[in-house]
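Undergrad: Dumping the structure here so I can ask a few things about it.
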Amino acid sequence: MRRLFPAAAPVVFAVLLVAPARADDCSPVSVPQGLERFHAAMEDVEAGERSKPLTVLHLGDSHISLDTFTRGLRQRWQARFGDAGRGLMPGVSFRYYAPDGYDIEMEGAWNIASSLPRDASGPFGIQGFRVSSGDDDAIISLRSDNPVSAVEIEAYGGPDTGALLLKLGEAAPLKLPTRQAVPGLVRFRVPAANVHEIRLVPAGTGTVHLLGWAILSPAKPGVRYDSHGVVAATASITTRWDKDAVRAQVAAMNPDLVILGFGTNEGFNNGLDIAAYGAELAGFIDLLMAAAPGSSLALLGPFDGARQGAGETCGGGWTTPPKLDAVRSVLANLAAARGAFFWDGGAAMGGRCSADEWARAEPPLMYADRVHLRAAGAERLSAQLWNSLMGLEENVAESGACHADDAPD
């Protein structure tokens, strides 16, 4: 299933690095500009001065909707620091949602709502989806490969909402009421005795609206890496998310690093209003940074892409969408204005027309649509991004010499 929507990854902006890195040393050559807080948090973890997980929040479009690209980042960080778990979308929010390490199933009468349509209504959080039901025959079940030490549940409550029943392993179900006088986010954190099986069921006392949940593992402090992507999303999707809910979610998570990966779909829109796009994304960035003022921010420029149609030719009828460079410029300028890190996905692939070259490579690194990455291409780029975020030399990223034993299979 995961191969049908490959995760095209955002890619590497040149970071000035100063001394050569040893192949057996993952210490940063230099701390990349804009990632000082993230690196300070890593130093605290490695010095044993912190018990809270190193936390990464990654939001974007189809490139991270599955784990094809994010897998390399998650596995490298967790191999180095330990696996503290991740956040998940509510239920099976779209057909091919299958996060690494978890089997999730939904039964019964659940209503699945996406924030992608322009006329989407009702509350949404950072996950971009909402599942609702009041039927006590509706079930969401999860099996985790790793033991679960705690579960965090995020729901939207109000005067008429009901309760959820949470069953952890063989323990008796725990009733979690979401009803409250003022509509808004309701959060629960429930410790678990290293179970593997979890079930969520409406209690039959009213409709419940699940926005998302996190499945935490016992590694101390470890890395918690939450990645949420919506296929075909642009930055405008964030305008349909409930600002108060998003603010509360991000503040509770308190990430050390926020990564934003919007831009590919905007770049394929010939009619994109560049100024409006920049203002829209800037507003969302301001919301996130106000909610988590201690976090670092990384903006990922879109990968190279190609299509049949208007644009500068790459040969064989394939052309480069003319707005891709403009989108990268907006992102680079926003990063500079806010002291954030910028990573240029098109440059990492090799520049304009590299999408066509990757699709024609043997074996191919990109699908024939010249938009989405195959597994090998995603792994190559996730390795480059991880090393860039970690402040390592580019040749180490290319060779995989740094922490070679920790790299994904």
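Undergrad: Given the options Gly350, Gly345, Gly339, Gly315, name the one that is of a type in the set (Gly, Ala, Ser) and modelled with pLDDT under 95.
TA: Details: Gly350 fails: modelled with pLDDT under 95; Gly345 fails: modelled with pLDDT under 95; Gly339 fails: modelled with pLDDT under 95.
Exactly one residue qualifies, and that residue is Gly315.
Undergrad: Could you count how many residues in segment 31-54 are on the phi < 0 side of the Ramachandran plot and open to solvent by 30 Å² or more (accessible area, probe 1.4 Å)? Can you show your working first?
TA: Kept after step one, since they are on the phi < 0 side of the Ramachandran plot, are these residues of segment 31-54: 31-33, 35-47, 49-54.
With open to solvent by 30 Å² or more (accessible area, probe 1.4 Å) added as a condition, the list becomes 31, 33, 36-37, 40, 43-44, 46-47, 49-53.
Looking only at that region, the number is 14.
Undergrad: Going by the conditions given, is Arg352 among the basic types (Lys, Arg), open to solvent by 30 Å² or more (accessible area, probe 1.4 Å), touching a strand residue (DSSP E or B) at 6+ places or on another chain (Cβ under 6 Å) and in contact (Cβ under 8 Å) with a residue 24 or more places away in the chain?
TA: So Arg352 fits the description; yes.
Undergrad: Could you please find all residues in segment 158-182 being within 29 Å of the chain's Cα centre (by Cα) and either farther than 26 Å from Ser121 by Cβ or surrounded by fewer than 17 Cβ atoms within 10 Å (Cβ to Cβ) (or both)?
TA: Residues of segment 158-182 that are within 29 Å of the chain's Cα centre (by Cα), as a first pass: 158, 161, 163-169, 176-178.
Hits for segment 158-182 are Leu165, Leu166, Lys167, Leu168, Gly169.
Undergrad: Could you go through segment 109-127 and let me know if any residue there is under 27 Å from Glu170 (Cα atoms) and surrounded by fewer than 16 Cβ atoms within 10 Å (Cβ to Cβ). Talk me through it step by step, then tell me what you get.
TA: If we filter segment 109-127 for residues that are under 27 Å from Glu170 (Cα atoms), which is where we start, we get 109-110.
Restricting the remaining residues to those that are surrounded by fewer than 16 Cβ atoms within 10 Å (Cβ to Cβ) gives 109.
Scanning segment 109-127 turns up at least one residue that is under 27 Å from Glu170 (Cα atoms) and surrounded by fewer than 16 Cβ atoms within 10 Å (Cβ to Cβ).
Undergrad: Check segment 388-397 and report whether any residue there is touching a Gly at 6+ places or on another chain (Cβ under 8 Å), on the phi < 0 side of the Ramachandran plot and modelled with pLDDT of 95 or more. If you could, list the steps in order and put the result at the bottom.
TA: So in segment 388-397, the residues touching a Gly at 6+ places or on another chain (Cβ under 8 Å) come out as none.
So far as segment 388-397 goes, no, none of its residues is touching a Gly at 6+ places or on another chain (Cβ under 8 Å), on the phi < 0 side of the Ramachandran plot and modelled with pLDDT of 95 or more.
Undergrad: So which of Phe303, Phe342 ends up being part of a strand (DSSP E or B) and either farther than 25 Å from Glu36 by Cβ or open to solvent by 10 Å² or more (accessible area, probe 1.4 Å) (or both)? Full working, then the answer.
TA: Working: Phe303 fails: part of a strand (DSSP E or B).
Testing whether each residue is part of a strand (DSSP E or B) and either farther than 25 Å from Glu36 by Cβ or open to solvent by 10 Å² or more (accessible area, probe 1.4 Å) (or both) leaves just Phe342.
Undergrad: Could you check segment 159-222 for strands (runs of 3 or more DSSP E) lying wholly inside it with 2 or more residues that are of a type outside the set (A, V, I, L, M, F, W, C)? Working first, answer last.
TA: On the way: elements: 163-168, 174-177, 184-202, 208-216.
Of the strands (runs of 3 or more DSSP E) lying wholly inside segment 159-222, those with at least 2 residues that are of a type outside the set (A, V, I, L, M, F, W, C) span 174-177, 184-202, 208-216.
Undergrad: Continuing with the same structure: Name the single residue, out of those in segment 55-104 being of a type in the set (Lys, Arg) and more than 17 Å from Ile153 (Cα to Cα), that is most open to solvent (accessible area, probe 1.4 Å).
TA: Initially, segment 55-104 is screened for residues of a type in the set (Lys, Arg), giving 71, 74, 76, 80, 86, 95.
Okay, now just the ones that are also more than 17 Å from Ile153 (Cα to Cα), so 71, 74, 76, 80, 95.
Numbers: Arg71: 61, Arg74: 18, Arg76: 25, Arg80: 57, Arg95: 185 Å².
The residue in question is Arg95.
Undergrad: Next question. Pick from Leu365, Leu385: which is at pLDDT 95 or above and within 18 Å of Ser65 (Cα to Cα)? Before you say what the answer is, go through the steps one by one.
TA: Details: Leu365 fails: within 18 Å of Ser65 (Cα to Cα).
Unique residue meeting the criteria: Leu385.
Undergrad: Sticking with this structure for a sec: What residue, of Ala310, Ala290, is modelled with pLDDT of 95 or more, open to solvent by 20 Å² or more (accessible area, probe 1.4 Å) and more than 28 Å from Ala375 (Cβ to Cβ)? Give the steps one after another, and end with the answer.
TA: Details: Ala310 fails: modelled with pLDDT of 95 or more.
Within the list Ala310, Ala290, the selection yields Ala290.
Undergrad: So is Arg143 within 22 Å of the chain's Cα centre (by Cα), of a type in the set (Lys, Arg) and within 28 Å of Asp244 (Cα to Cα) or not? I'd like the intermediate steps shown before the answer.
TA: On the way: within 22 Å of the chain's Cα centre (by Cα): yes; of a type in the set (Lys, Arg): yes; within 28 Å of Asp244 (Cα to Cα): no.
In short, no.
Undergrad: Would you mind finding the one in Ala275, Ala282, Ala310, Ala340 that is under 24 Å from Asp242 (Cα atoms) and either under 20 Å from the mean Cα position of the chain (by Cα) or touching a residue at least 12 places away in the same chain (Cβ under 8 Å) (or both)?
TA: Working: Ala275 fails: either under 20 Å from the mean Cα position of the chain (by Cα) or touching a residue at least 12 places away in the same chain (Cβ under 8 Å) (or both); Ala310 fails: under 24 Å from Asp242 (Cα atoms); Ala340 fails: under 24 Å from Asp242 (Cα atoms).
Unique residue meeting the criteria: Ala282.
Undergrad: Identify all residues within segment 188-230 that are of a type in the set (S, T, N, Q) and surrounded by 22 or more Cβ atoms within 10 Å (Cβ to Cβ); write none if there are none.
TA: Restricting attention to segment 188-230, the residues satisfying the condition of being of a type in the set (S, T, N, Q) are 194, 205, 207, 217, 227.
Answer for segment 188-230, where residues must be of a type in the set (S, T, N, Q) and surrounded by 22 or more Cβ atoms within 10 Å (Cβ to Cβ): Ser217, Ser227.
Residues are listed down the side, and each one gets a yes or a no for (1) open to solvent by 10 Å² or more (accessible area, probe 1.4 Å); (2) not in a loop (DSSP other than H, G, I, E, B):
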{"residue": "Ala232", "(1), (2)": "yes, no"}
{"residue": "Ser236", "(1), (2)": "yes, yes"}
{"residue": "Thr239", "(1), (2)": "yes, yes"}
{"residue": "Val246", "(1), (2)": "no, yes"}
{"residue": "Gln249", "(1), (2)": "no, yes"}
{"residue": "Ala252", "(1), (2)": "yes, yes"}
{"residue": "Pro255", "(1), (2)": "no, no"}
{"residue": "Val258", "(1), (2)": "no, yes"}
{"residue": "Gly271", "(1), (2)": "yes, no"}
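Undergrad: How many residues does segment 132-167 contain that are without any contact (Cβ under 8 Å) to a residue 60 or more places away in the chain, over 10 Å from Val208 (Cβ atoms) and polar (S, T, N, Q)?
TA: Counting residues in segment 132-167 that are without any contact (Cβ under 8 Å) to a residue 60 or more places away in the chain, over 10 Å from Val208 (Cβ atoms) and polar (S, T, N, Q) gives 1.
The values are calculated or read from the model by the stated rules, or taken from the named source; none is laboratory data. Quick caveat, the model's predicted, so the values are computed rather than measured. Cβ sites come from the backbone with ideal geometry, for glycine too, and all protein chains shown count toward neighbours. The protein model used for the area step is the full one, side chains on, heavy atoms only, and it has no ligands, DNA or RNA in it. Shrake-Rupley method; radii C 1.70, N 1.55, O 1.52, S 1.80 Å.
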